[in-house]
């Protein structure tokens, strides 16, 4: 990608974010209070700066002051795959629970990233999940979400 | 046998304990106590002290979970959303319940909870800067009446109980003192000691802890830990205010669970160990049963709602 | 003097010594895991302190405290992810060094810096605790505002590639920090009518997403096979003694800045390492290399954040006011032991005070040894095949971030910040200024508006405060001088292109 087109895209992105945030600082219930007590003053000031900088970047790209080319990442398919996988994993982590989500995510992610040794994939997954569960519940007294190994053991223990 | 086990080994033997816990219907497994403030704060310390004692009485582990953020509203919302089976309870100070819903949209109302008990409280006190020209609450009020808006007072945060208490008092005496909120007592108290603000409204527990120069305490009667500090009532005012909290649960708790928790809470309030821990923190146990807490929350919400409507606009 | 001997005797007790070392090692581990930080380390140990006496409790807590602050630098250097927020400024130069194949030396510098910072702060703590406590009181809202502005100038040194982009990144950080509750009035803003946003964006998920998650995405995107990666020297190497002594100025100044900022309640180690970084960049003869893998940058950050440990104990012990959430938890633990910190502590519990000093001293020495032992283990761990390692990191980030607040929304924040960070890397925005703005923003805004209330809306009043005025002038001079230099450099090196910076 050429450096000035990068500036144009970056400037556009900044202006886009500004526009999005601008919807949140429109005049509303906070008018007529003293400066120090108006919650909107500081964000508005920042947003002004942000939009101004974005416009500057855009102009810089359009004028084309910098014309060098810059390297870009190559492996777009993998990025897309990991973005989608990570998104799903993080979204279901809390509702579904740590153990099922991770048991599925780890092998799929390793495969998607191009790792092809089934033994290692299975072993790493099967070691990591209980290890982390044990570390967090027992050593850190933090319970990851969902039904855990201790509950399963308890069910078996309670049945016996 | 079980009772002789220490808590740590009980944890290690969690399996055995729960298998053998056929003693009562509730509780038969570990309880999670959500504290809607980060670790280390007043609520957290209260919550952990209460959990220690409760866990001995109920003979199950009680895991204290800090869900901080949003001035307590995030954790409180999480409690409201939890399954009402008695295994998720909250240790909540009153502010997220009776103040925050008046300041913003919260995904809960005071109707979304079953109130187990009130458990701890600390009266509030007004402290003055070290080299203050005042020596009594009446002097402060008189000066502020003649010089409106010249004095400043600090609080641990906007919408905190001390903030509301001070506004309630200012309303009562009808004078104007500017509010400077801080993020918690640490920065606030330091600013007071450095003389950057004129006075600071604080939970009483901070007074002996930081050796503050308290000018009045907003309680019915003087506090043992500071017998020299007069009450606002003695000075001729009527405001009383306290920081208080207790155990709450999502609405719809089974009756037996509620009853068990309520009685365990009562025992906690009476326990010497709990009183001692609280005493070290400058607070006091105070038990109120389920129905009484509900009434207190409803009243507090109404009073503070009115104050907040005025202060925020 | 008897107290000192008594303290040494207690420490010589094998149990207490083992607890001290074990606590330090555990602290390093916890600190190195992104998401898990000092507060967690200390809260974990709280139940244990209930059943222990005061000395072992203190040994454990101090070990965990210093260890976790140091541990954050390991992941900062090795995987471009501050393990704890305190280590955010260590990333600026630590990771570039790693990329240049000098990761072993970067770890060495971080370790030496942490130890020296910790040791100097203990000495200051012993010598000047009451004095420092009083100096801290001089800092009110207006002074905090001036300090915040000064710290903000370190944005310049981490965005030398493109000052406009760096500035924009910083403003973005400041903006993100305004989401949620207004610190002064409690009103909520920029929340898009979403309850979770009303609570604001939490530091850990934002930081972890921005640095760590985006790093995972970026590595996938680069698609470099492990053989092509410069992984030479991923061991541990102490810098030469003469190298250390020749940089004594940076060490000394950073330690003093760290200790002193540690005494200010509510500022914290993250901000202190940024102030120190800004100052080191200003005064170091190697200032031009900052952000490109300059040891002075690591030294400034790591010395300062470990010096905060001693500093934060100053108000905690001498005034009973905790300087940060970490010392707040420690204060709670001490109170439960029946020890009430405050002005009388030095008189009533002098023996215990001396024990605290000695223990903290030993903990910092232990860092030197433990760092040399544990550093190589960590750096070897990152040689696992890349797909496996990236997957593991992702899982660790998820569980670590979730555990901070038990909030599923935090994971979405992390995801969004990760995507944001990735986008910024693609468009070659520096990431560090975002964090600087995010960390300093609330302090700057709140103290500015508190100051305005105190000054009755009169901004001129701000310039009548001597301490604040000095800070304003220093910031302005620094800003002007940097702008001038930047403009000149820009003219000289026009048209050059560089690889992406991290």
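Going by the structure shown, is residue B:68 within 13 Å of chain C (Cβ to nearest Cβ) and touching a residue at least 24 places away in the same chain (Cβ under 8 Å)?
When the stated conditions are applied, residue B:68 passes them.
Looking at C:207, C:197 in this structure, which one is within 13 Å of chain B (Cβ to nearest Cβ) and either at pLDDT 80 or above or in a helix (DSSP H, G or I) (or both)?
C:197
Select from the stretch C:1-53 the residues that are over 30 Å from residue C:211 (Cβ atoms) and within 14 Å of another protein chain (Cβ to nearest Cβ) and list them in ascending order.
Passing the criteria: C:47, C:48, C:49, C:50, C:51, C:52.
Which residue is surrounded by the fewest Cβ atoms within 10 Å (Cβ to Cβ), if the candidates are limited to the stretch B:205-219 and must be modelled with pLDDT under 85 and out of contact with any helix residue (DSSP H, G or I) (no Cβ under 8 Å at 6 or more places or on another chain)?
My answer is B:211.
Which members of the stretch C:443-458 meet the condition of being modelled with pLDDT under 85 and touching a helix residue (DSSP H, G or I) at 6+ places or on another chain (Cβ under 7 Å)?
C:443, C:457
With the structure loaded, tell me whether residue C:383 is surrounded by fewer than 22 Cβ atoms within 10 Å (Cβ to Cβ), more than 9 Å from chain A (Cβ to nearest Cβ) and not in a helix (DSSP H, G or I) or whether it fails that test.
yes
I want to confirm something. Restricting to the stretch A:21-48 and keeping residues that are more than 9 Å from chain C (Cβ to nearest Cβ), over 19 Å from residue C:442 (Cβ atoms) and at pLDDT 75 or above, which single residue is surrounded by the most Cβ atoms within 10 Å (Cβ to Cβ)?
A:22
What residue, of B:149, B:154, B:159, is closer than 30 Å to residue C:138 by Cα, assigned to a strand (DSSP E or B), in contact with a strand residue (DSSP E or B) (Cβ under 9 Å, 6 or more places away or on another chain) and not assigned by TED's automatic domain parsing to the domain that holds residue B:271?
Of B:149, B:154, B:159, the one residue that is closer than 30 Å to residue C:138 by Cα, assigned to a strand (DSSP E or B), in contact with a strand residue (DSSP E or B) (Cβ under 9 Å, 6 or more places away or on another chain) and not assigned by TED's automatic domain parsing to the domain that holds residue B:271 is B:154.
Got a sec? Which of B:182, B:204, B:169 is outside the structural domain of residue B:279 (by TED's automatic domain parsing) and over 18 Å from residue B:311 (Cβ atoms)?
When all the criteria are applied, what remains is B:204.
With respect to the numbered conditions (1) in contact with a strand residue (DSSP E or B) (Cβ under 6 Å, 6 or more places away or on another chain); (2) buried (at least 18 other Cβ atoms within 10 Å of the Cβ), which one is the sole condition not fulfilled by residue B:251?
Of (1) in contact with a strand residue (DSSP E or B) (Cβ under 6 Å, 6 or more places away or on another chain); (2) buried (at least 18 other Cβ atoms within 10 Å of the Cβ), only one is false for residue B:251: (2).
Out of (1) without any contact (Cβ under 8 Å) to a residue 12 or more places away in the chain; (2) buried (at least 24 other Cβ atoms within 10 Å of the Cβ), the odd one out for residue B:133 is which?
Of the numbered conditions (1) without any contact (Cβ under 8 Å) to a residue 12 or more places away in the chain; (2) buried (at least 24 other Cβ atoms within 10 Å of the Cβ), the odd one out for residue B:133 is (2).
Could you run through the stretch A:121-145 and say how many residues are over 14 Å from residue C:395 (Cβ atoms), more than 7 Å from chain C (Cβ to nearest Cβ) and at pLDDT below 90?
Of the residues in that region, 5 qualify.
Among residues belonging to the stretch A:58-88 that are more than 7 Å from chain C (Cβ to nearest Cβ) and under 24 Å from the mean Cα position of the chain (by Cα), point out the one that is modelled with the lowest pLDDT.
Per the criteria, the residue is A:72.
Kindly indicate whether any position in the stretch B:120-138 is more than 16 Å from the chain's Cα centre (by Cα), more than 30 Å from residue B:193 (Cβ to Cβ) and not in a helix (DSSP H, G or I). It would help to see each step written out before you state the result.
Kept after step one, since they are more than 16 Å from the chain's Cα centre (by Cα), are these residues of the stretch B:120-138: B:126-138.
Applying the additional criterion that residues be more than 30 Å from residue B:193 (Cβ to Cβ) yields none.
Within the stretch B:120-138, none of the residues are more than 16 Å from the chain's Cα centre (by Cα), more than 30 Å from residue B:193 (Cβ to Cβ) and not in a helix (DSSP H, G or I).
Tell me whether the stretch C:54-62 contains one or more residues that are without any contact (Cβ under 8 Å) to a residue 60 or more places away in the chain and surrounded by fewer than 24 Cβ atoms within 10 Å (Cβ to Cβ).
yes
Please enumerate the residues belonging to the stretch B:76-98 that are assigned to a loop (DSSP other than H, G, I, E, B) and either within 9 Å of another protein chain (Cβ to nearest Cβ) or within 20 Å of residue B:287 (Cβ to Cβ) (or both).
B:86, B:94
Tell me the residue from A:51, A:109, A:55, A:94 that is within 7 Å of chain C (Cβ to nearest Cβ), at pLDDT 90 or above and either in a helix (DSSP H, G or I) or closer than 30 Å to residue B:78 by Cβ (or both), please. It would help to see each step written out before you state the result.
Values: A:51 fails: within 7 Å of chain C (Cβ to nearest Cβ); A:55 fails: within 7 Å of chain C (Cβ to nearest Cβ); A:94 fails: at pLDDT 90 or above.
Of A:51, A:109, A:55, A:94, the one residue that is within 7 Å of chain C (Cβ to nearest Cβ), at pLDDT 90 or above and either in a helix (DSSP H, G or I) or closer than 30 Å to residue B:78 by Cβ (or both) is A:109.
For the stretch B:254-282, give me the residue count where each residue is touching a helix residue (DSSP H, G or I) at 6+ places or on another chain (Cβ under 7 Å) and outside any helix (DSSP H, G or I).
3
Determine, yes or no, whether residue B:84 is buried (at least 24 other Cβ atoms within 10 Å of the Cβ), assigned by TED's automatic domain parsing to the domain that holds residue B:267, in contact (Cβ under 8 Å) with a residue 12 or more places away in the chain and touching a helix residue (DSSP H, G or I) at 6+ places or on another chain (Cβ under 9 Å).
No; evaluated as a whole, the condition is false for this residue.
Does residue B:73 satisfy being modelled with pLDDT of 80 or more, facing another protein chain (nearest Cβ under 8 Å) and assigned to a helix (DSSP H, G or I)? First the steps, then the outcome.
On the way: modelled with pLDDT of 80 or more: yes; facing another protein chain (nearest Cβ under 8 Å): yes; assigned to a helix (DSSP H, G or I): yes.
Yes: the conditions hold for residue B:73.
I'm told residue B:183 meets every condition in (1) within 14 Å of another protein chain (Cβ to nearest Cβ); (2) crowded, with 20+ Cβ neighbours inside 10 Å except one. Can you identify the failing condition by its number?
(2)
Could you tell me which residue of the stretch C:430-455 is farthest from the other protein chains (Cβ to nearest Cβ), considering only residues that are in a loop (DSSP other than H, G, I, E, B) and under 22 Å from the mean Cα position of the chain (by Cα)?
Looking at residues that are in a loop (DSSP other than H, G, I, E, B) and under 22 Å from the mean Cα position of the chain (by Cα), I get C:431.
The values are calculated or read from the model by the stated rules, or taken from the named source; none is laboratory data. No experiment lies behind these values; they were computed from the predicted model shown. Here the Cβ is made from the backbone with ideal geometry for all residues, glycine too, and neighbour counts use every protein chain on show.
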